[in-house]
Amino acid sequence: MPGPYRRKKHHTGDTHFKQIYRTKNRRKDLDEIRDDLENKAEELLNQETDPDKPGEGQFYCIHCARYFIDDFSLTQHYRTKAHKKRLKDLEKQPYTIEDSQKAAGFGSFSN
């Protein structure tokens, strides 16, 4: 019965947008951030000014891989739940290839 409550199918052909939506706001993964912390933390925290980045690249959270417009925004970000969760995730030890092989049943299980 067609009426005001009929289901509309306006978004049936939007599957080609799926990849765009998934990668538009792509952030760094935890292993990439760990590499940044170990290898180039000083370089990322003391960047040259770049007018194309927010805050000219001077206010950067290395744990979340995000730029901020000013120091106030950066200090507010340090208090957020997302930043604290990212810090907690970075404290965990990453999986190694040996761990993944043991989980898959390959290799020896003795330490």
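The values are calculated or read from the model by the stated rules, or taken from the named source; none is laboratory data. Just so we're clear, the structure is a prediction, and the values are computed from it rather than from any experiment. We place every Cβ from the backbone using ideal geometry, glycine too, and count neighbours over all the protein chains shown. In case anyone asks, the SASA skips ligands and DNA or RNA and just uses the protein heavy atoms, side chains included. Shrake-Rupley method; radii C 1.70, N 1.55, O 1.52, S 1.80 Å.
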query: Out of the stretch 31-56, which residues are of a type in the set (V, I, T) and either at positive phi or part of a helix (DSSP H, G or I) (or both)?
result: I33
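Somewhere in the stretch 92-107, is a residue touching a helix residue (DSSP H, G or I) at 6+ places or on another chain (Cβ under 8 Å) and at pLDDT 90 or above?
Initial filter on the stretch 92-107 (touching a helix residue (DSSP H, G or I) at 6+ places or on another chain (Cβ under 8 Å)): 94, 107.
Narrowing further to those that are at pLDDT 90 or above: none.
Looking for residues that are touching a helix residue (DSSP H, G or I) at 6+ places or on another chain (Cβ under 8 Å) and at pLDDT 90 or above, one finds none in the stretch 92-107, hence no.
Residue-wise test of (1) open to solvent by 90 Å² or more (accessible area, probe 1.4 Å); (2) among the basic types (K, R); (3) modelled with pLDDT under 90; (4) out of contact with any Asp or Glu (no Cβ under 8 Å at 6 or more places or on another chain).
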site: P2; (1), (2), (3), (4): yes, no, yes, yes
site: T12; (1), (2), (3), (4): yes, no, yes, yes
site: R22; (1), (2), (3), (4): yes, yes, yes, yes
site: D29; (1), (2), (3), (4): no, no, yes, yes
site: A41; (1), (2), (3), (4): no, no, yes, yes
site: L44; (1), (2), (3), (4): no, no, yes, no
site: Q58; (1), (2), (3), (4): no, no, no, yes
site: C61; (1), (2), (3), (4): no, no, no, yes
site: Y67; (1), (2), (3), (4): no, no, no, yes
